[in-house]
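The values are calculated or read from the model by the stated rules, or taken from the named source; none is laboratory data. These figures come from a predicted structure and were not determined experimentally. Cβ: placed from backbone, ideal geometry, glycine included. Neighbour counts: every protein chain shown.
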Amino acid sequence: MIGDERGWDPGSRALPIAMGFLMLGLSTHLIFKETAKEQAERSVPTGARHLIVLTILLSIFYILVFRALGFILSTAMLLFTLIYFNYHGDIRLELFPGFAAGLVSSTVFVLLVYTAGRFITRSLFYLGRARSYELFTSKVFSAFVVLLFGAVLFAVLLVSLRKTVNKPRVRSVLVAGLTAAGVTEGLYLVFKQIFLVSLARGILFW
Amino acid sequence: MEELFSGIQQVFNLNTILWIALGEVLGIIIGALPGLTATMGIALLLPLSFQLARVTGIGLLLGVYCGAVSGASIPAILLGIPGNPNAIATVYDGQAMTRKGLAGQALGGAVVASFIGGILSLIALSLFSPLIARFTLAFGPAEKATLALVGLTIIASVSAKNLAKGILTGAFGLALAFMGTDPFTDTLRVPFPELLAKTPLVGGINLIPALIGLFGVSQVLYDLERIQEGRLAPPQLKIEKVFPPLRKVASMWRIILESTGIGTLIGAIPGTGASIAVFLSYERAKRITSSPRSKLEKVGSGCLEGVMAPEVANNAVTGGALIPVLSLGIPGDAGTAVLLGALLIKGVVPGYQLFSQNMDLVYAILFALLLSNVFMLTFQLLGVRIFPKVLSIPMALLLPVILVLSMIGAYAIKGQAVLAATFDMGVALVLGIIGYYLKKADYPTAPIVLGLILGGLLEVNFRRAVKLAGGNYLVFFTKPIAVVFIVLAVFSVVLPLIQKRRRS
């Protein structure tokens, strides 16, 4: 580079160090300036604090298990857990039996939806190739068909579970389970099936 | 002429039209939900736009931007809670009109005003951007470095109540931008090199996960604090007579023109944003309508004038804020800062070169913005009874979905390299947590984004200028344009201090 041989480059550390000193100076100034009132304004209600900690911890866990467990399972479980506890506004011991039962049934449901989706996609693909229906081999078309299937399935479930949904104890489980399954499958269709993002498969080999 | 047709062709095809329409609908929904901002919407949809063709992706983001800015008026009018700070001034007359049973007219007036403001500012954008961009021909490294500095200091001083907090977060953004390898020598430049040298951090902080973290994840954590407040209940209103009488709109020509001018001008000043523009235009409209000669209804009494003035300014900001983005590469507000990041990722380099060599792309961006405004008018008028229903979506359901969308969005950028992609999720989460604590302590996050975007420009040109001047650090004071920028930067820091002293 021009001038390097004479040492005219301020160097790669010049600006980072300058920023470091600037931040240090300003932080020191702000620490001493902060009032007790400002500190008090930052307090968070207990229930919300629990939910924030849960969200952060589960997000870390999600990142750690994402590759091993796979997108479908880790996403559905994260979503179910967060929606369930957010719905109740806090994490209380008496909520755990419902949570455990809901988590298992929701995971099974997600797996069923995913398997059905894969089956539809593959069937369309094979059919398209065997019968030379070009449309059937299109990734967008198969994603659309799976989406349609999902919409019909969810509509049927919502209608048939209409009376159960109104019972407050099961409402949170149903809402969390259905949302987790729907969002997970929707994201899978958009990112994996349409945009070919390599979402980790994890333990799901099919 | 060929470039004009090429621009039209790039936008007016089924694929792009559908994506812009989708962006518009999503934008309106995001804008209508209190707590969710246009910036967050753009950040969340960045990964999706990344998968699309250049103009299609930019169109999607512009759709979200326009939709979210105008959608914020829905809760402002119906509930008295602005969807985001841009709609604060709409609350006064909008809520009063709802109480009078004129919710339909207020919603319709807000949409028409948003459309007028958006289109007029689009004209300003297409007229002024090439002129300002031509000015950049005279820019060398010293001018570019000081331009980046002025962009940073303005946004740092305007976006925070406390100047020190604004500068601190700006410096933090710059520090993040410097992470990775040196642009000149490829020297490793990460903290704790023994630990981090083998991580993808060596390549620096990826802009999209950083944006998603700062605006998506942090917002989720911030909104969790209010989750116990439950869902908002949209009032059961009869929404009728949506389209405002044309004669009434025409009689407000002075308010509309002045609000457009205010919105476009304020939007074009880096760092100012719509919340200042809406108050200025509201105050101006108040003054116009309270004149004894005025035949208009008095602003503040619950009238269309009071809704339309801030809404015109609000959407005029969208075109105005894009002027410095396209011509100088300096964003007008946090939303356009994210848009600028998207443009850079898509290979669009703002400045004179864009207007001299990629005019078809400029036309395409302008047409995409035009189409976004047309869709905004159409969808909002057609869905005036439907969109208010999104207010009843419970936050308990929405926040986890946004969190997952943020995570997968951060992952999708490097979606083919699983390890690097998973690492990006970590970046989004860490910056999300930092962003949350910053918000809690009333620190602005917009300067961080600007620091991240402008860090490279600042460093490369600062070092290049010093090298070319033979190690003379005073080179920045020998170039007239650079001196003007330095004076502006100093002015933007000193002015708030003087104002504060005067007030106290």
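Listing for the model above:
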item: Search result, residues across the stretch A:28-61 that are small (Gly, Ala, Ser) and at pLDDT 90 or above; result: A:SER59
item: Residue within the stretch B:367-389 that is assigned to a helix (DSSP H, G or I), hydroxyl-bearing (Ser, Thr, Tyr), under 19 Å from the mean Cα position of the chain (by Cα) and buried (at least 17 other Cβ atoms within 10 Å of the Cβ) present; result: yes
item: Scope the stretch A:18-61; condition within 7 Å of chain B (Cβ to nearest Cβ) and of a type in the set (Ser, Thr, Tyr); matching residues; result: A:SER27, A:THR55, A:SER59
item: Breaking point among (1) buried (at least 16 other Cβ atoms within 10 Å of the Cβ); (2) assigned to a helix (DSSP H, G or I), for A:LEU135; result: (1)
item: Matching residues in the stretch A:62-79 - criterion: being more than 9 Å from chain B (Cβ to nearest Cβ) and closer than 17 Å to B:LEU397 by Cα; result: A:ALA76, A:MET77
item: Candidate set: the stretch A:179-191, residues that are buried (at least 21 other Cβ atoms within 10 Å of the Cβ) and more than 9 Å from chain B (Cβ to nearest Cβ); chosen: the one nearest to A:ALA143 (Cα to Cα); result: A:LEU189
item: Looking only at the stretch A:2-17, and only at residues there that are on the phi < 0 side of the Ramachandran plot and modelled with pLDDT under 80, the one that is farthest from the other protein chains (Cβ to nearest Cβ); result: A:GLU5
item: All positions within the stretch B:174-218 that are of a type in the set (Ser, Thr, Tyr) and either part of a helix (DSSP H, G or I) or away from every other protein chain (no Cβ under 12 Å) (or both); result: B:THR199, B:SER218
item: Scope the stretch A:161-201; condition more than 20 Å from A:THR81 (Cα to Cα) and part of a loop (DSSP other than H, G, I, E, B); matching residues; result: A:LEU161, A:ASN166, A:PHE195, A:LEU196, A:VAL197, A:SER198, A:LEU199, A:ALA200, A:ARG201
item: Residues of the stretch A:51-80 that turn out to be among the small types (Gly, Ala, Ser) and either crowded, with 23+ Cβ neighbours inside 10 Å or under 11 Å from the mean Cα position of the chain (by Cα) (or both), as a count; result: 3
item: Scope the stretch B:283-314; condition in contact (Cβ under 8 Å) with a residue 40 or more places away in the chain and over 16 Å from B:VAL249 (Cα atoms); matching residues; result: B:GLY300, B:SER301, B:ASN314
item: Residues (hydroxyl-bearing (Ser, Thr, Tyr), more than 8 Å from chain A (Cβ to nearest Cβ) and under 20 Å from A:VAL183 (Cα atoms)) located in the stretch B:400-444; result: B:SER406
item: Any chance B:LEU397 is within 14 Å of another protein chain (Cβ to nearest Cβ), farther than 20 Å from B:ILE58 by Cα and crowded, with 22+ Cβ neighbours inside 10 Å; result: no
item: Among the candidates B:VAL69, B:VAL55, B:VAL91, residue that is within 19 Å of B:ILE386 (Cα to Cα) and at pLDDT 85 or above; result: B:VAL69
item: Test result for B:VAL487, out of contact with any Leu (no Cβ under 7 Å at 6 or more places or on another chain) and either under 18 Å from B:ALA148 (Cβ atoms) or among the hydroxyl-bearing types (Ser, Thr, Tyr) (or both); result: yes
item: Condition check for A:THR121: in contact (Cβ under 8 Å) with a residue 60 or more places away in the chain, out of contact with any Cys (no Cβ under 7 Å at 6 or more places or on another chain) and more than 18 Å from A:ALA76 (Cβ to Cβ); result: yes
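Table: residues versus (1) within 8 Å of another protein chain (Cβ to nearest Cβ); (2) surrounded by 20 or more Cβ atoms within 10 Å (Cβ to Cβ).
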position	(1), (2)
B:ILE453	no, yes
B:PHE462	yes, yes
B:LYS479	no, yes
B:LEU488	no, no
